[in-house]
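Below: one structure, written as structure tokens.
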Amino acid sequence: MHDFLRRWASIAPDRIAIEEVASATRGARAWTYGSLDDRAARIAAGLAATLPTGARIALVSEGRAEVFELLFACARAKLTLVPLNTRQPLTKLRAIVASAEPAAVVYDDTFVELAHELLAHASITEPSAWETNGTTRVTPRGIALGDRRARGEDVAYESLLGAARYGDVALEDVPLVLYTSGTTAAPKGVCITWRQVVFNAVSTALAAGLTEHDRALACLPLFHTGGLHCLATPLLHRGGSIVLTPGFDAEREVALLHRGDVTTTIAVPTMYESLLAAGLHAQPHLRALLCGGAPLSRALHERFHDAGLPMRQGYGLTEVGPNCFTLSPLDGPHRFGTVGVPTFHLEARLVRDGSFESTGSAADGSECDANEPGELWLRGPAVTTGYFRAPELTAQVLDADGYFHTGDVLVRDEDGFFAVVDRKKDMFVSGGENVYPAAVAAALAMHPAFAEVAVVPVPDARWGEVGLACFVLREDVARPSDEALRAWSRAHLAGYEIPRHWRALDALPRTATGKTDRAALRTIVEEGNHERT
């Protein structure tokens, strides 16, 4: 009943589900709903024949259709797919593999060497003692998507194709575990139920008005919730099509967006900057350009609006899905700076917390008033059941009433529109006042000399902590003096928010999803020798 791929395969078997753009290692390919359904069912049979129920399958791959084959195969065979962020350092990936204990590692030709390293150091509990405290360990299987092998004993992915196996897909099954990026802590494995996949798809289709006629350009990495679930699985649920690229190339993506049949896409702000630089302009067939993964500056939003490009700013997180809020282009420029309103089937609260005592309101967990910052709590069928093998971490974020405590600080205006202030953990106190680095950076981003900017706290003998602004200058722009920057800031920030220190960098460190890598930025600040001259 909940296997929407199988349903579309029976309704429209010849409709294109995935069009895969040619890469350096293979030519262009296409999957109809019928062929995608058949291959997923046959891969499910091959995996189920050798792996126990509940086993995890790690994946190291560029963007390719087999990622979706594996997702549906795991759902049908009661297995769990664990896509790995291939941009993470090897030490962190080894820690994730040790946590997930995959019974198999699937890899493509691009990541053979990485797969070799992971397989060489990975081990799992013997299947007969699966999910127990057994001590017998075995090495995971290696499964190669391409021609190259990480080990001599690894098998070819195509050899797994067997007689079709569908199986019942239950809403509470966990066919996917996504490990968070770990910018503020060690990566955590988020258990994604099929219920989350389905309700995220339903809510996204309602919010974005998706139909079976939509074709989405998918250029975000598929190891991230945005790449998988912002548009891809919602469109497969809706019977639309995905145009899948192996990675991001601005000139290629602009050509695809201009060719006439792609109606929507999802990208992060830095990618949209690159698309504009590569010549992206308004097209009548482009219905919605979704933006997430990192804060969207007002200046960039205005550039898209002025160019007639239908930008939709949103908000999401791995634990609740990438589409928790949505802002329609029809809401107008006066909504810039907000992420809009909650999507369907999702309840949002802003809650007073001890971190927000400067508002003068009681820090008692009660509902915030309009324009009062508070921690965002979310409840609904798209909320995770928790973190993989981490009940203590789950208990910290999921309460008895089913609310997920996001750790993000937002405000809500009188009309019910939400705006992101900052991560709760990133807030610092300067002279008794709460300072939100993301909000300060958003104001500083309006400075005509700055291409991008981020703010981090540094110790101060008088004020406890003060802000240090790290910025990248626009091309051919001279660095303003610290005095000039402070003078400009007085018109845009409260006195306690104005950074005391300023540092020019060649680039801000970024995570794979386009967010500022705050841990890396703090390292740069501590080293103190990276200012551009």
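Computed quantities for the displayed model
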{"item": "Debye intensity ratio I(q)/I(0), log10, segment 409-533, q values 0.19, 0.22, 0.23 Å⁻¹ (C-alpha model)", "result": "-1.12, -1.46, -1.56"}
{"item": "Charge sum, other residues only, whose C-beta stays under 12 Å from Gly240's C-beta, Lys/Arg counted +1 and Asp/Glu -1", "result": "0"}
{"item": "Cα centroid separation, segment 251-270 to segment 1-27 (Å)", "result": "20"}
{"item": "Rounded tilt (10° steps) of 90-100 against the dominant C-alpha axis of the chain", "result": "60"}
{"item": "On Cα atoms only, tilt of 66-77 relative to the major axis of the chain in degrees", "result": "70"}
{"item": "Crossing angle, helix 33-48 versus the chain [Cα axis fit, 0-90 degrees, rounded to tens]", "result": "70"}
{"item": "Cα-centre dipole for the chain with unit charges at Cβ (Lys and Arg positive, Asp and Glu negative), debye to 20", "result": "860"}
{"item": "21 Å Cα-Cα reach of Lys515 towards lysines, excluding residues that sit fewer than 8 places from it in its own chain", "result": "Lys92, Lys188, Lys424, Lys425"}
{"item": "Förster radius 35 Å - calculated FRET efficiency between Ala255 and Ser10 (Cβ-Cβ, nearest 0.05)", "result": "0.50"}
{"item": "Estimated vicinal HN-Hα couplings, Hz - segment 377-390 in sequence order (Karplus 6.51, -1.76, 1.60; Gly, Pro = x)", "result": "10, 10, 9, x, x, 8, 7, 4, 7, x, 9, 5, 6, 9"}
{"item": "Rg in Å to one decimal, and Dmax rounded to a whole Å, for segment 1-43 via C-alpha atoms", "result": "11.7, 39"}
{"item": "For Arg335, Arg7, order by how many other beta-carbon atoms lie within 10 Å, fewest first", "result": "Arg7, Arg335"}
{"item": "Net charge contributed by nearby residues that have their C-beta within less than 13 Å of Leu398 (K/R +1, D/E -1)", "result": "-2"}
{"item": "Order of Arg312, Arg141 under a 10 Å beta carbon neighbour criterion, fewest first", "result": "Arg141, Arg312"}
{"item": "Residue (of Ala445, Leu114, Val420) at the positive-pole extreme of the chain, dipole from beta-carbon charges", "result": "Leu114"}
{"item": "Quarter of Cα convex hull surface for segment 25-169, i.e. mean projection, nm²", "result": "8.7"}
{"item": "Dipole of the chain [Lys/Arg +1, Asp/Glu -1 at C-beta], most positive-end residue of Leu378, Thr326, Thr245", "result": "Thr245"}
{"item": "Charge dipole (debye, nearest 20) of segment 429-527; +1 at Cβ of Lys and Arg, -1 at Cβ of Asp and Glu", "result": "140"}
{"item": "Segment 196-425, dipole about Cα centre (Lys/Arg Cβ +1, Asp/Glu Cβ -1), debye to the nearest 20", "result": "720"}
{"item": "Local electrostatic count at Ala216 - Lys and Arg +1, Asp and Glu -1, tallied over other residues with Cβ under 14 Å", "result": "-1"}
{"item": "Isotropic mean projected area of the C-alpha convex hull, segment 12-91 (nm²)", "result": "6.4"}
{"item": "Segment 196-425 pair-distance distribution - Cα-Cα, 5 Å bins, rounded %", "result": "1, 7, 14, 18, 19, 16, 11, 7, 4, 2, 0, 0"}
{"item": "Selection from Leu90, Ala164, Leu71 lying farthest towards where the dipole of segment 25-169 points positive, charges on Cβ", "result": "Leu90"}
{"item": "Within the chain, helix-based [θ] at 222 nm, where runs of 4 or more DSSP H residues each add -39,500 (n - 2.57), nearest 500", "result": "-7500 deg cm²/dmol"}
{"item": "Residues Cys368, Cys230 arranged by fewest to most Cβ contacts within 10 Å", "result": "Cys368, Cys230"}
{"item": "Shape call, segment 212-332: gyration tensor on alpha carbons, a/c limit 1.5", "result": "rounded"}
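FYI, it's all coordinate maths here, none of it is from the lab. In this text the structure is predicted, and so the values were computed from the model without any measurement. Quick reminder, even Gly has a Cβ in these numbers, built from the backbone with ideal geometry, and neighbours come from all protein chains shown.
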